[in-house]
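**Q** Questions regarding the structure given below will be posed in turn.
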Amino acid sequence: MLIDHAKITGVDDSSKKKLLTQANALLVDFEFDYGDRPIAFEAMLEGGKCLTELGEFKQAESKLRATFALRKRLAEAKIKPNEYHNKIIYGAYIALAQSLQRAGKLAEAKTFVDTVLKEDKTLEKEWAGPAMSWRGDL
């Protein structure tokens, strides 16, 4: 809710920064509370988006890349990813591509997207495939 409120048109920069900083702190606490459960990875995804909004691109990239560990954790537990898991993983792919683009790292964003499309064959049949395939100005 804090993140969405910060995105509302007309919210001054100071209030926006305060809301996003507060949201990020709460998300970090949530991650620690839930460890390596999927909901903690969802908090990482939202935290990465929040950091991107704050212009903290390096931290956002780190957080979003950490979200990809969900796939590894599921494999270790011999759990096939379900729709909820994929929503988190695919959301992190898209959020990282957007964060890299906003940071002005267009070549890196393009390379990332191309690598993900090549390596994650599940995208071919999922909603995120077309979202990742369309790169706009990349």
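**Q** Rounded if a/c is under 1.5, else prolate if a/b is larger than b/c, else oblate: which is the stretch 66-138, with a ≥ b ≥ c the root eigenvalues of its Cα gyration tensor?
**A** Taking the square roots of the gyration eigenvalues as a ≥ b ≥ c, the stretch 66-138 is prolate.
**Q** So what is the calculated 222 nm ellipticity per residue for the chain, using -39500 (n - 2.57) for each DSSP H run with n of 4 or more, over all residues, to the nearest 500 deg cm²/dmol?
**A** Calculated at 222 nm, the ellipticity per residue is -23500 deg cm²/dmol.
**Q** Please tell me the relative contact order of the chain in percent, rounded to the nearest whole number, where contacts are Cα pairs under 8 Å and at least six residues apart.
**A** 17
**Q** Of the accessible area of the stretch 43-128, with the probe set at 1.4 angstrom, what percent is carbon plus sulfur?
**A** Details: 2540 of 4770 Å².
Answer for the stretch 43-128: carbon and sulfur cover 53 percent of the accessible area.
**Q** Let me ask another. Got a sec to turn the phi values of the stretch 48-55 into Karplus ³J(HN,Hα) couplings, 6.51 cos²θ - 1.76 cosθ + 1.60 with θ = phi - 60°, whole Hz, x for Gly and Pro?
**A** Per-residue couplings from phi come out as x, 5, 4, 5, 5, 4, 6, x Hz.
**Q** Continuing with the same structure: So what is the accessible area of the chain per residue, in Å², with the probe set to 1.4 Å?
**A** 61
**Q** Rank these by accessible area, largest first, 1.4 Å probe: 26, 106.
**A** Listed by decreasing accessible area, they come as 26, 106.
**Q** Also, quick follow-up: Are any of the pairs 63/125; 87/121; 72/118; 63/121; 7/105 more than 21 Å apart by Cα-Cα distance, and if so, which?
**A** In this structure, 63/125; 63/121; 7/105 exceed 21 Å between Cα atoms.
The values are calculated or read from the model by the stated rules, or taken from the named source; none is laboratory data. Just so it is clear, the model here is predicted, and its values are computed rather than measured. These area figures cover heavy atoms from the full protein model, side chains too; ligands, DNA and RNA do not enter into them. Shrake-Rupley method; radii C 1.70, N 1.55, O 1.52, S 1.80 Å.
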